[in-house]
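The values are calculated or read from the model by the stated rules, or taken from the named source; none is laboratory data. Source: prediction; values computed, not measured. For neighbour counting, all protein chains shown are included, and Cβ atoms are generated from backbone atoms with ideal geometry for every residue, glycine included.
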Amino acid sequence: MQELSPLQIEVARKLTALIQSGRWQVGERMSDARLAQELKVSRSPIRQALNLLTRQGLVAYTSGKGYRLEREPGSDESLDALMPHSESESLYGDLMSARAVGRLGAEVSEAQLVEQFQVTRGAVRRALMRFATEGLAERLPGHGWHFAESLDNEQAVNESYEFRLIVECNALMTPGYAPRPDQLAALQREQTEILQMPVEQLQRDAWFNANAAFHETLAAWSNNRFLTEAVRRQNSLRRMTEYANFGHLAEVHIHQACTDHLGILAALAEGDRDYATALLRRHITRSADI
């Protein structure tokens, strides 16, 4: 693989993750302009990332027509296998873990992080900007940063689960609710693969991303941007806590969550939203109890 800039790697990883989540059907056009707007970067790194995916056979380019999805990744093609981690991507995970277990205070400086994690200032800036984009940090005057509130106490965790019960369960009952068959099938494949995977091989990033994608996609099928954003925001808040708790999560709980997810998807595939909502309510309540 040719030498890539950190930004190109980050964009390529984001595009690969979107492909894995079922964002596009095979043959569907991938608009570089729309992706640039969505990912808040210029069209140049988007095109460079799409060209890389073209060389890997995931994307095809036709002059005058642009890019389209050529194929979906195989079951043996994980995100890490398809794309390397950039320095800022690795730092992002390290910061998340450090913040979750209390090794970072609510306020930090860029210089402090450069020294503590032995990385470049550019990597620190990009990682913190990602935190800011996700609503997890804000920039202070100078070179300081303040981390947003996370679910770091029992009351906040309980309130989060109460909020999710209200928002996520009611999202399934909105008048315009319409699951996309291709996305539903992609979620079923992903949950089945995790269910069949030895738990010692499951990475915390893969687990959280699959779990977050499941809940966010369910909300997105409501075709209501505010419901989708509410669930996305909860996923961001949960990330730090779940990163810290992953090592203590029993295999039986992971398998139960995947089984719950597959049951909800099966009910939606059959058009039984009432049953799917009941299963989702039980799933969220059971997760809160754990």
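Take the conditions (1) over 21 Å from Arg233 (Cα atoms); (2) surrounded by 14 or more Cβ atoms within 10 Å (Cβ to Cβ); Arg103 misses just one of them, which is (2).
Residues checked against (1) modelled with pLDDT of 90 or more; (2) in a loop (DSSP other than H, G, I, E, B):
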residue: Tyr177; (1), (2): yes, yes
residue: Arg189; (1), (2): yes, no
residue: His215; (1), (2): yes, no
residue: Ala230; (1), (2): yes, no
residue: Gln234; (1), (2): no, no
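Apart from one condition, Thr277 fits all of (1) in a helix (DSSP H, G or I); (2) more than 30 Å from Ala137 (Cβ to Cβ); (3) without any contact (Cβ under 8 Å) to a residue 24 or more places away in the chain; the exception is (3). Every residue in the stretch 46-103 that is among the small types (Gly, Ala, Ser), part of a loop (DSSP other than H, G, I, E, B) and modelled with pLDDT of 85 or more, please. Gly57, Ser63, Gly64, listed by residue number.
One line per residue, one yes/no per condition, for (1) within 19 Å of Ala250 (Cβ to Cβ); (2) crowded, with 17+ Cβ neighbours inside 10 Å:
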residue	(1), (2)
Leu172	no, yes
Pro179	no, yes
Leu195	yes, no
Arg204	yes, yes
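On the stretch given as the stretch 140-167, residues that are surrounded by 12 or more Cβ atoms within 10 Å (Cβ to Cβ) and not in a helix (DSSP H, G or I) total 10.
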